[in-house]
1. Could you give each residue of the range 15-29 its phi-based ³J(HN,Hα) in whole Hz, using Karplus coefficients 6.51, -1.76, 1.60 with θ = phi - 60°, and x for Gly or Pro?
2. Could you provide, to the nearest whole Å², the per residue accessible area of the chain with probe 1.4 Å?
3. How high is the relative contact order of the chain, given as a whole-number percent (alpha carbon pairs under 8 Å, six or more residues apart)?
4. On the first, second and third principal axes, largest extent first, how far apart are the outermost C-alpha atoms of the chain in Å?
5. Using R₀ = 25 Å, calculate the FRET efficiency as 1/(1 + (r/R₀)^6) where r is the Cβ-Cβ separation of Glu35 and Asp61; round to 0.05.
6. Which value in deg cm²/dmol, rounded to the nearest 500, describes the helix-derived mean residue ellipticity at 222 nm for the chain, given -39,500 (n - 2.57) per DSSP H run of n ≥ 4 and division by the residue count?
Amino acid sequence: MNDIIAEFLEEEVIYQEWYDAIYNFIADQNIRAGEYEGNIFVIKKMDRLNFIIFKEYTFRDSGSKEIHRATNIFRKDLLKAVNSHASAQGFTVRGYGEESNDVITPW
């Protein structure tokens, strides 16, 4: 597993509620593009299948932002990683059925 993804999981998937929110953002087909802002990491949804995960630091005095250590990941791989990590934490994990890439509407 990519070390950025592993760090993302350790930092952001630490509570059931956070897992639920991250899972919902990734799996929701009605969100074609957007960002989910965690504590340290941002998940940027480029389209229904492609994501970029990166660390973002905001400097309070200037308001400027810096992006560190970005990686791209396919939707199915991200769902597998998030669900596997959540399961290891003892969280209630959602299934892999309807959110698989095979049923994404190709509009």
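The values are calculated or read from the model by the stated rules, or taken from the named source; none is laboratory data. Note that the coordinates shown come from a computational prediction; the quantities given were computed from them, not determined experimentally. Neighbour counts run over all protein chains shown; Cβ positions are idealised from the backbone, glycine included. For accessibility, only protein heavy atoms count, side chains too; no ligands or nucleic acids. Shrake-Rupley method; radii C 1.70, N 1.55, O 1.52, S 1.80 Å.
1. In residue order, the calculated couplings are 9, 3, 5, 5, 4, 4, 5, 5, 4, 4, 5, 5, 7, 5, 6 Hz.
2. Here the residues of the chain average 60 Å² of exposed surface.
3. For the chain, the relative contact order is 24 percent.
4. Largest first, the chain extends 46, 36, 24 Å along its Cα principal axes.
5. With R0 = 25 Å, the Cβ-Cβ based efficiency is 0.60.
6. Theoretical 222 nm ellipticity from helices: -10500 deg cm²/dmol.
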